[in-house]
1. What ³J(HN,Hα) values, in whole Hz, does the Karplus curve 6.51 cos²θ - 1.76 cosθ + 1.60 give for segment 161-168 when θ = phi - 60°, with x put for Gly and Pro?
2. Among 138-149, 118-129, how do they line up from the highest to the lowest mean number of other beta-carbon atoms within 10 Å?
3. I'm checking a number: the convex hull volume of the Cα atoms of segment 98-149, normalised per residue, in Å³. What is it?
4. Treating only the Cβ of Lys, Arg, Asp and Glu as charged (+1, +1, -1, -1), what charge dipole size does segment 65-175 show about its Cα centre? Round to the nearest 20 debye.
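Bear in mind these aren't lab numbers, they're just calculated from the coordinates by the rules spelled out. Predicted model, so just to flag it, every value in this text is computed and none were measured. All Cβ positions, even for glycine, are placed from backbone atoms using ideal geometry, and neighbour counts span all protein chains on display.
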Amino acid sequence: MSAMAQPVEFADPFNAYSGTSGGASDAAERISWMRYRIVQGFTASAIGSERLTEPLRVVAEIFQRCRLANWDHEGAEPISSEALTEAQALLLSIPSYMPLPEIFPEATGAIAFEWYRKPGYRYVITVSGKGTLEYAGLFGSGNDTSGESRLDGGFPKMIREHLRWLFPGDQIHAV
């Protein structure tokens, strides 16, 4: 069976937290393993299942459905396994006090994450497997932003601030 025809296994969507951490010491290996076990334990809880397992399942389904060229029958680019990995990493990095986004594929081969508050108030992040996040936000009439940020293993502070603009006041609480 060719690699393209083989089903992708997502029984453990947290593979980014297994294996080596990139560090060379035994301590780095232990930290990586502990982090993996914490994420695994959290997802076994009802809150963890809702917070992580379901969105990761959605991302996996998007990848399965859109991994071949022309998946939309209108010339869409395929979603790469690198975009899948970045989407999983982004989901795992969203702070727990922030609402979860809607997730959908884009014809450019990217996976998009959208937070929506009301007409004229929305924020979209896309990942396409190139190590960067592209973002665009509307925060009311004449108040918008767009740009690019590196995906370096954490949720970018600038994007966290943008989401606080989108959900002001009591809607987002820092923990």
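1. These are the phi-based 3J(HN,Hα) values: 5, 4, 5, 5, 5, 5, 10, x Hz.
2. Put in order of decreasing packing, that is 118-129, 138-149.
3. Spread over its residues, the Cα hull of segment 98-149 gives 94 Å³ apiece.
4. That gives a dipole near 320 debye.
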